[in-house]
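Enquirer: A single structure is presented below for examination.
The values are calculated or read from the model by the stated rules, or taken from the named source; none is laboratory data. All values reported here derive from a predicted model rather than from experimental measurement. Cβ: placed from backbone, ideal geometry, glycine included. Neighbour counts: every protein chain shown. To get the accessible areas, we keep the full protein, side chains included, count just its heavy atoms, and leave off ligands, DNA and RNA. Shrake-Rupley method; radii C 1.70, N 1.55, O 1.52, S 1.80 Å.
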Amino acid sequence: MLKNKMVFVSLVFILAILLFAVFAPFIAPYDPARIDADSVLTGPAPDHIFGTDTLGRDVFSRIVYGSRISLSIGFIAVGIAVLIGMFFGSIAGYYGGRIDSAIMRFVDIMLCFPTFFLILAVIAFLDPSIITIMAVIGFTGWMGVARLIRAEILTLKERDFVAVSKIMGASDRWIILRHLIPNAIGPVLVNATLGVGGAILVESALSFLGIGVQPPTPSWGNILMDGKSTLGVAWWLTIFPGLFILFTVLAYNILGAALRDILEPRLN
Amino acid sequence: MGNMVLEVRSLAVRINNHGISNKVLDGVAFEINKGEVFGLVGESGSGKTMTALSILKLLPRSAVIEAGDILFCGENVLTMAEDRLRRIRGGSIAMVFQEPSTSLDPVFTVGYQIKEAVHAHQDLSDMAAKELAIEFLERVHIPEPHRIYQCYPHQLSGGTKQRIMIAMALINKPELLILDEPTTALDVTIQAQILDLLEEIISEEKVSALFISHDLGIISRMCGRVGVMYQGRIVESGLKDLVLAHPKDPYTISLIESTKALSR
Amino acid sequence: MLSYIFKRMIGLVPVFLGITLISFFVIHLAPGRPTDIQTSMNPKVSYEARLRLEKLYGLDKPLHIQYFSWLRRFAVFDFGRSYVDDRKVSEKIAERIPITLLINSVAFLLILLIGIPIGVFSALHRNSLFDKVATIFVFIGFSTPEFWLALLLMNLFGITLNWLPVSGIKSLDFEYFSAMGKMMDVARHIALPVFISAFAGLAGISRYMRSAMIGVMHQDFIRTARAKGLNGSEVIYKHAVKNASLPIITILGLSIPGLIGGSVIIESIFAIPGLGRLFYESVMARDYSTIMGVLSIGAMLTLLGNLMADIAYSYADPRIRMTGGE
């Protein structure tokens, strides 16, 4: 089936990018920071398969190293978001009542801020660094997970196995961590997978605007910053990094959709 | 032959769901004569509802009619043209479903939905259609019909909604009424009222009916002839009194026994 | 319905307060005093400017007094003066909002008018070629970086084909155009920004509409409609689409923050003098008062958008609009 083929291709691609990130020093033909004044803005050629940028740096090497940034920011930001979301969501769902209302109100408030605005504002105040970016994307992206966990726990907590645990004297924390969350993990996994794609898009946008990963550290987004200023002249600076972002995010989205099909009930 | 309103012959239906194939109807056959109430009784999963849906070709996408004929007044429903079928649906054959709470569209008033049924089959002005609708609301003993006409389904009780479904089914004077577990989803006290209403309507309108239920008591009350369904087949059929007094099929026997056991 | 709206508006008050709290929190994020960071990074800032910043945020006063004066000023949209040109922040925001609202409203309409029919059609013709193509388009829509799409289209339509302008909202000789000509000029300038803004939202809505339609088609009342003898289009367009559209209203409401946030990128790339670009410029210049002003206004706009979506939903769904009965 076509769908299964697409999922397979996505998995392969994700693996490939992962390998790029882990084995970057072995895969990249050049040092990504190596400036070569003689080869400024050359197009794709056998010695520079993706061409060079305004400082003569090899674009392919920068893209390979850039995968480290994109993936690490993607994973860690999502990790932070999931942890925060699980925390708030499980407390809201489990304890209900006023705690639930207060937390959900907090979620509503956070959702009122255009995420990008909030991220930009925070980075403006704190100055961009990779850690800041990871933290901010995580701190502004947990709301979806919170709602999911809350919904799952609300349905699960009425079930018998929870009552049995309580009778056996299990503490609230135990019940939440050992019983409720593992059962609720399905939708969260889907959300997290899609979230990695989202985080990569945000990071590259920030870097493109100059407020994300700062040069000379290569990020797919900041290579595109170069691309903007050389529009029409050096198409390779725009096309290649963009395609990498597109395909990586696409792969995670396809994977996420496939997970959703597997983990959630289907309609005829 | 001229006396049969409905004749079902060797109906076979299969359901295909994600690679799993299930034969839900395996050679179902029965007839309904003009003016009689035929009961179809069996447990859930026996194929009663599938049979009913087949008559109007309202089966879900995953279902395939593999074999059989369904003759309505001599015409084969399964082979007729789409717009002939549409004129029969709600016009000559009308159906009342089991769940009144989900059978009505929540975003339209009940009055509008009854009017829709009228406009689909009768050439009346909007005013006339509305008046007809209200007349039938009165017919099914709904108090304050003018007010209820403007209500939305969520504002009404289950009993009232089911009366509305019945009104909607009768409004185009059908020859055959299909009632699929019409009281199963209702409270016990309301069940009795609706059964009274159905009895009254069927005798007054002299309409033929297919009455489906898992409840032998209700079937016994409402029907003249019965068919017992089990695993997609009719295992026994005949006059109600005969079947109940002298059951031949082992399933029928166990059905009667368990009913007696419950009412002891 | 009025009581529902009233209740919702009351419910918005704590959300409003929460917005002020969170933005207040953001101001105080900077380690040490915001004044130190700002002035030490920007040697051009004079002593008076530093004093002004302290006075504006009352940074030397205790926290709760700071918050209340912030709250008071927020309520009248007094965000102080910009560090870049000393104009009132509220003025700068006011003159930029109309453009951003224009672009986002048109994008929103596009999403509605194109996304919904695509979704309905896909649902009705499941697994057809159209559906498959639409699905591919949806996935690509979700995965494409907006700024990259902007660069590509800018290159294609603006430079290579030279069909559309790629900068600003008016041509140089704008003043000499007729009224019609002026409208056409603005339209040509915002064509690309609107399309790119709408791209991801379009993908989303068509996908959600498709699922909603498929879900609704399985409902009992659709079977009743068929059993009544209604023809196909009546069943679909009257009953199915109307019911499927209800959750879509909520989703449309949720897409508003995305549109507003996206304006930062779009306006910067296309040099459009809107709210997003103002925000970008103030972030680059570390113009804190303007940053806070735009952030707060952005949140309020979202709040307003959600309220409108809520009102629309409560009007459309009779279960919420009407109470009582038997």
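Enquirer: Taking segment A:225-245, which residues are crowded, with 24+ Cβ neighbours inside 10 Å and under 23 Å from A:A124 (Cα atoms)?
Expert: none
Listed here are the residues, each with its yes/no results for (1) more than 8 Å from every other protein chain (Cβ to nearest Cβ); (2) within 16 Å of the chain's Cα centre (by Cα); (3) of a type in the set (S, T, N, Q); (4) open to solvent by 50 Å² or more (accessible area, probe 1.4 Å).
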| position | (1), (2), (3), (4) |
| --- | --- |
| B:A94 | no, yes, no, no |
| B:F97 | no, yes, no, no |
| B:S103 | no, yes, yes, no |
| B:V118 | yes, no, no, no |
| B:D126 | yes, no, no, yes |
| B:A129 | yes, no, no, no |
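Enquirer: Under the condition of being over 22 Å from B:G35 (Cα atoms) and of a type in the set (F, W, Y), which residue from segment B:210-264 is most open to solvent (accessible area, probe 1.4 Å)?
Expert: B:Y230
Enquirer: Further, regarding this structure: Restricting to segment B:149-194, name every residue that is touching a residue at least 60 places away in the same chain (Cβ under 8 Å), under 17 Å from B:R139 (Cβ atoms) and not basic (K, R).
Expert: B:Q162, B:I164, B:M165, B:I166, B:M168, B:A169, B:L170, B:N172, B:P174, B:L177, B:L179, B:P182
Enquirer: Being more than 14 Å from every other protein chain (Cβ to nearest Cβ), in contact (Cβ under 8 Å) with a residue 12 or more places away in the chain and either open to solvent by 30 Å² or more (accessible area, probe 1.4 Å) or not basic (K, R) (or both): is that true of A:L189 here?
Expert: The answer is yes for A:L189.
Enquirer: I need the full set of residues from segment B:45-66 which are assigned to a strand (DSSP E or B) and within 14 Å of chain A (Cβ to nearest Cβ), in order please.
Expert: Across segment B:45-66, the qualifying residues are B:A63, B:V64.
Enquirer: Right, B:D69: charged (D, E, K, R), open to solvent by 30 Å² or more (accessible area, probe 1.4 Å) and touching a residue at least 40 places away in the same chain (Cβ under 8 Å) or not?
Expert: Criteria met by B:D69.
Enquirer: Could you check how many residues of segment A:104-144 are surrounded by fewer than 22 Cβ atoms within 10 Å (Cβ to Cβ), among the small types (G, A, S) and more than 19 Å from A:I91 (Cα to Cα)?
Expert: So the answer is 2.
Enquirer: Still on this structure, I have one more. What number of residues within segment C:195-230 are among the basic types (K, R) and at the interface with chain B (Cβ under 7 Å from one of its Cβ atoms)?
Expert: The number of residues fulfilling the criteria is 3.
Enquirer: For segment C:97-126, which residues satisfy the criterion of being of a type in the set (S, T, Y) and either under 18 Å from C:M183 (Cα atoms) or surrounded by fewer than 23 Cβ atoms within 10 Å (Cβ to Cβ) (or both)?
Expert: Residues satisfying the conditions are C:T100, C:S105.
Enquirer: Do you know which of the residues in segment C:267-286 that are open to solvent by less than 20 Å² (accessible area, probe 1.4 Å) and more than 9 Å from every other protein chain (Cβ to nearest Cβ) is farthest from C:A187 (Cα to Cα)?
Expert: Filtering first and then ranking leaves C:L278.
Enquirer: Run down B:G35, B:G42 and say which single residue is of a type in the set (G, A, S), away from chain C (no Cβ under 11 Å) and either open to solvent by 30 Å² or more (accessible area, probe 1.4 Å) or farther than 29 Å from B:S157 by Cα (or both).
Expert: B:G35
Enquirer: Further question on the same structure: If a residue has to be modelled with pLDDT of 80 or more and of a type in the set (G, A, S) to count, how many in segment C:152-178 make the cut?
Expert: Matching residues across segment C:152-178 total 1.
Enquirer: Same structure again: Tell me yes or no: at least one residue of segment A:163-179 is modelled with pLDDT of 85 or more and farther than 30 Å from C:H28 by Cα.
Expert: Within segment A:163-179, not a single residue is modelled with pLDDT of 85 or more and farther than 30 Å from C:H28 by Cα.
Enquirer: So, in segment A:192-224, how many residues would count as being over 8 Å from the mean Cα position of the chain (by Cα), of a type outside the set (A, V, I, L, M, F, W, C) and within 9 Å of another protein chain (Cβ to nearest Cβ)?
Expert: So the count comes out to 3.
Enquirer: A follow-up question, please. Can you tell me which of (1) within 14 Å of chain A (Cβ to nearest Cβ); (2) closer than 30 Å to C:D86 by Cα; (3) not basic (K, R) is the one C:T250 doesn't meet?
Expert: (2)
Enquirer: Okay, next question. Identify, please: which residue in segment C:231-245 is open to solvent by 10 Å² or more (accessible area, probe 1.4 Å) and facing another protein chain (nearest Cβ under 10 Å) and is, among those, nearest to C:A312 (Cα to Cα)?
Expert: Only one residue fits best here, namely C:S245.
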